[in-house]
Amino acid sequence: MRHRLVLNHITHSFEDGGTRRTVLDDLSLQVSEGELVAVMGPSGSGKSTFLSIAGALLEPISGEVLLDGKSLTGKDKRELSDIRLHQIGFVFQSANLIPYLKVEEQLMLIAKLGDMNMRKADERIEELLSLLGLQHRRRAYPDKLSGGERQRVAIARALMNDPAVLLADEPTASLDAARGMDVVRMLAEETRERGKSAVLVTHDERVLPLCDRILYLENGSLVDRSVKPIL
Ligand SMILES: Nc1ncnc2c1ncn2[C@@H]1O[C@H](COP(=O)(O)OP(=O)(O)OP(=O)(O)O)[C@@H](O)[C@H]1O
Ligand SMILES: [Mg+2]
């Protein structure tokens, strides 16, 4: 199977009181088309840092990210923002909605930025709001939404342009158990049926059976725990 998203030997560190602290240490990952990968790990282990690097939001100190075989290294800001708009759907740990736009406007903005035909955009908005159980909230502003509704709008927004890669940072954190399962089931379907590649950072063990692989971020790199070791 083709690898859509590849991270090769990624290292990243942050300045911490005069010293540099390594967060990612020689991390590598390959995600195929149609594959949904779960990433777990304790708070502070570097999951959001890893996802930001995978989503071209943060440049690693060393190592390389490839999208459909093309390296992101050396691309300028414009090229990277174009790639993010068209090829990557990113669900932030906090929903990050634009406060003065209604739900449907949040989605329409993405469609416009992506040069989507308006009829197609209307249909896609209808489809996503219905899949995420948000039809009745389409004219609401973010401050009138519950935390879980906001999170679901952020997911709809990430899927709006039908990106090949979907990166979601704890998308079920503010959802109740049933709603969390529904949302991940929907992400899994989008991933498999539309041949996307998805990485889901989660603390929610209930959603793991819906994922193809379960990885743990440990000591700066990803460890596969999908198959239990034979003792
Ligand atoms: N911009 C930054 N500047 C300095 N340190 C940072 C920065 N971003 C993250 N860190 C540090 O890097 C480490 C990893 O952070 P990160 O947000 O990736 O963890 P996480 O696994 O996503 O945690 P959580 O589960 O709490 O969301 C933390 O110790 C954090 O303090
Ligand atoms: Mg995080």
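Coordinate-derived values only; no laboratory data. This structure is a prediction, so every number in the text was calculated from the model and none was measured. When we count neighbours, we look across all protein chains shown, and the Cβ atoms used for this are built from the backbone with ideal geometry, even at glycine.
Descriptive notes on the structure:
- Equivalent ellipsoid semi-axes - Cα gyration tensor, region 3-224, angstrom: 28, 19, 17
- The lysines whose alpha-carbon is closer than 26 Å to the alpha-carbon of Lys47, local same-chain residues fewer than 8 away aside, are Lys70, Lys75, Lys77, Lys196, Lys228.
- Note on Lys112 and Arg194: the model spin-label points, each 7 Å out from Cα along the C-beta direction, lie 2.1 nm apart.
- For the chain, modelled as a GNM whose springs connect Cα atoms under 10 angstrom apart, the maximal fluctuation among Ala154, Ala121, Ala188 occurs at Ala121.
- Helical content of the chain, expressed as a calculated mean residue ellipticity at 222 nm, amounts to -10000 deg cm²/dmol (DSSP H runs of 4 or more residues, -39,500 (n - 2.57) each, divided by residue number, nearest 500).
- A simple spin-label model places the labels of Leu101 and Ser146 2.4 nm from each other, with each point 7 Å out along Cα-to-Cβ.
- Helices assigned as whole DSSP H runs in the chain whose Cα atoms extend at least 20 Å along their own long axis and whose mean Kyte-Doolittle hydropathy is -0.5 or higher are found at 177-193.
- On full extension, the segment bounded by Leu58 and Ser81 gains 7.1 nm, given 0.36 nm per residue less the C-alpha separation.
- For the chain, built as a Gaussian network whose Cα springs stay under 10 Å, the top-fluctuating residue of Lys196, Lys102, Lys70: Lys70
- Take every pair of alpha-carbon atoms less than 8 Å apart whose residues are at least six positions apart; their mean separation over the length of the chain yields a relative contact order of 29 percent.
- Farthest positive-ward along the chain dipole, Cα basis, beta-carbon charges - from Gly41, Gly69, Phe90: Phe90
- Total charge dipole magnitude, the chain, about the Cα centre, Cβ charges on Lys, Arg, Asp, Glu only, Debye to nearest 20: 400 debye
- Extension gain for the segment Glu127 to Asp26, taken as residue separation times 0.36 nm less the Cα-Cα distance, is 32.4 nm to one decimal.
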